[in-house]
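Have a look at the structure below, then the notes.
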Amino acid sequence: MGCVRIRKGFRIRCVRVSFACAQALMYARYRTRSRFYKRPEKMLKAYNVSPNLLRLPKVKPGLLKGIYTDDKIDLRDRERLELVESIRHPKERDFYQDHTYHNQWIARDLESHQKIQIAGRYPYFSPDYEIKPWIWYPGDTVEVVSGEGAGQRGAIIAVVKYKNEILVQNVNVQDVVIPASETRPEQVVQREHPISVLRVRHVDPSTNQLCHLEIVKVRNKETGELEERRISLESGALLPIPAPEETVEAGDPLKDTAIQDADEDTYDREKEMPLLVVRRLQAMENYFVDSLRKSYEYHRALQVRNAQDMQTFQKDVLVRATEKLAAAAAVAGHGGMAEAVSQATSAAMESSQAGDAEKDAVKSTITVETVVAEVLKSEQRFHSDAAAPGMPGWWQNMINSYVSVLEDEEATIEAEAAAQAQAAEADRRAEQLMADATAEVDQPMADDGAMEGNVSAGGDEDLDE
């Protein structure tokens, strides 16, 4: 291609190379997709409608017969929930009636159709919609320069900054209908409506002509601080920026509490804390006393019943033991204590197999008086010293170990007491010896002092003479 100026043979070779490159390019362009990869399938659409769209052909009201529109309703729209519910099959189950598959706590963006609706209805939602710097303030005199009412002048009543709109006195006045109520009929009043700031221009107060304003910073002579002001480019006149309106204080000054009184600290801890502590302690005491009283009232009946049951049980044990002892005494013929105990044990084992006649005989000999007498006798015999050697051998063997332990403990205690007494006596003797030695040392010094006193007294008497 670019080798035409070179000799003929080389030019032919270049033409051949360029043809091969073009052929390769044609081949590469033809084979754009490998035949080893599956071609992605398009989403199936019934009648060219997405599965989430409901095709709703309907006749528009007010049109001729036979004219209809093919509306496609997006079933994902949240405003169409009633329609979705109405067209669902009765047997179709909805698992998301009370919740949703999506996470409720993630701030999701609006849907595309919602963004379009909001952008069309509220254009001032865009971030850069507000005009900056803002030079229109209430009280300024402006003149409408375009649109309906051009040439009209008036003062700005109010501004709607986020919409770039202002309300001008006697400009864009429209009727406002106040609906009727129970007490008054319908009223029609005239009110100014907002217009765009792009339709008006300021009037220079010094020349009474239209002007352009800009924001400049001017140093205040009184405070020495830089302040923003508006300047007319035509005349150089300065227009101040009015301060924002202060908040209106609502309320009745006669009934409202003064701020000084509201801020006053009236809580005296040293005075009120003891009273609060006493009240809390009293409340705690009342609560615990009441709870203890309820617990006592609940458990008292159970305690009485348990005492009665225990007394009955003890009486039954005493009666049965007395029956067995009496039976053993009757069988043994009032023999020795060891034989009586052994026979009582055998009788207790055989009492369940005894006949009715023997039981009647035993019961005939057992009365309340005999039982009490036997119990008193046994207690006297147990507590008397004379009866101690006559106790059973098994009883002696059983208590010997305990008695030896007690005797050892008593001997140890007595030895410790004796050692303490000896130590105390030794300390007392040592203190006595120390006191005697101190007294012996102090005695000569006292005698010397007395002698010196006598000598001095004698010398004084001699001098007096």
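The values are calculated or read from the model by the stated rules, or taken from the named source; none is laboratory data. Computed from a predicted model, the values in this text were never measured in an experiment. Neighbour counts run over all protein chains shown; Cβ positions are idealised from the backbone, glycine included.
Can you find even one residue in the range 184-194 that is loosely packed, with under 10 Cβ neighbours inside 10 Å, outside the structural domain of E148 (by TED's automatic domain parsing) and either basic (K, R) or under 21 Å from A158 (Cβ atoms) (or both)?
no
What are the pairs, 6+ residues apart or on separate chains, where a residue within the range 170-192 that is on the phi > 0 side of the Ramachandran plot has its Cβ under 8 Å from a residue that is among the aliphatic types (A, V, I, L, M) and part of a strand (DSSP E or B)?
Filtered contacts from the range 170-192: N172/I195.
Say whether the condition of being outside any helix (DSSP H, G or I), acidic (D, E) and surrounded by fewer than 10 Cβ atoms within 10 Å (Cβ to Cβ) is met by at least one residue in the range 200-219. Write out each step before concluding.
Of all residues in the range 200-219, those outside any helix (DSSP H, G or I) come to 200-219.
Then drop every residue that is not acidic (D, E), which leaves 204, 214.
Retained after the next criterion (residues that are surrounded by fewer than 10 Cβ atoms within 10 Å (Cβ to Cβ)): none.
The answer is no; no qualifying residue exists.
T257 is checked against (1) of a type in the set (V, I, T); (2) part of a loop (DSSP other than H, G, I, E, B); (3) closer than 30 Å to V203 by Cβ and fails just one. What number does that condition carry?
Condition not satisfied by T257: (3).
For the range 220-242, which positions are over 13 Å from W136 (Cβ atoms) and part of a loop (DSSP other than H, G, I, E, B)? Spell out how you get there, then give the answer.
Step one: of the range 220-242, the residues over 13 Å from W136 (Cβ atoms) are 220-229, 231-238, 240.
The answer is N220, K221, E222, T223, G224, E225, L233, E234, S235, G236, A237.
Taking P123, is it within 44 Å of the chain's Cα centre (by Cα), under 30 Å from V200 (Cβ atoms) and surrounded by 10 or more Cβ atoms within 10 Å (Cβ to Cβ)? Working first, answer last.
On the way: within 44 Å of the chain's Cα centre (by Cα): yes; under 30 Å from V200 (Cβ atoms): yes; surrounded by 10 or more Cβ atoms within 10 Å (Cβ to Cβ): yes.
So P123 passes the test.
Collect the residues in the range 231-249 that are modelled with pLDDT under 90 and small (G, A, S), keeping them in residue-number order.
Scanning the range 231-249 gives a single hit, A243.
For the range 359-367, indicate whether the set of residues that are modelled with pLDDT of 75 or more, closer than 29 Å to Q314 by Cβ and either among the β-branched types (V, I, T) or in a helix (DSSP H, G or I) (or both) is non-empty. Before you say what the answer is, go through the steps one by one.
Taking the range 359-367 as the starting set, the residues that turn out to be modelled with pLDDT of 75 or more are none.
No - not one qualifying residue is present in the range 359-367.
Under the condition of being outside any strand (DSSP E or B) and hydrophobic (A, V, I, L, M, F, W, C), which residue from the range 121-154 is modelled with the lowest pLDDT?
Of everything passing the filter in the range 121-154, F125 is modelled with the lowest pLDDT.
So, in the range 155-176, how many residues would count as being modelled with pLDDT of 95 or more and exposed (fewer than 11 other Cβ atoms within 10 Å of the Cβ)?
Residues in the range 155-176 being modelled with pLDDT of 95 or more and exposed (fewer than 11 other Cβ atoms within 10 Å of the Cβ): 2 in total.
Which of the residues belonging to the range 158-169 are assigned to a loop (DSSP other than H, G, I, E, B) and without any contact (Cβ under 8 Å) to a residue 40 or more places away in the chain?
If the condition is that a residue be assigned to a loop (DSSP other than H, G, I, E, B) and without any contact (Cβ under 8 Å) to a residue 40 or more places away in the chain, then Q169 is the only one that fits.
So which residues in the range 133-155 are over 53 Å from the mean Cα position of the chain (by Cα) and among the β-branched types (V, I, T), if there are any at all?
T141, V142, V144, V145
Of the residues P274, P242, which single one is under 31 Å from the mean Cα position of the chain (by Cα) and either in the same structural domain as L210 (by TED's automatic domain parsing) or surrounded by 10 or more Cβ atoms within 10 Å (Cβ to Cβ) (or both)?
Exactly one of P274, P242 is under 31 Å from the mean Cα position of the chain (by Cα) and either in the same structural domain as L210 (by TED's automatic domain parsing) or surrounded by 10 or more Cβ atoms within 10 Å (Cβ to Cβ) (or both), namely P274.
Quick grid of which residues meet (1) outside any helix (DSSP H, G or I); (2) more than 39 Å from the chain's Cα centre (by Cα); (3) at pLDDT 75 or above; (4) exposed (fewer than 11 other Cβ atoms within 10 Å of the Cβ):
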| residue | (1), (2), (3), (4) |
| --- | --- |
| D70 | yes, yes, no, yes |
| D94 | yes, no, yes, yes |
| Q97 | yes, no, yes, yes |
| R108 | yes, no, no, yes |
| I116 | no, yes, yes, no |
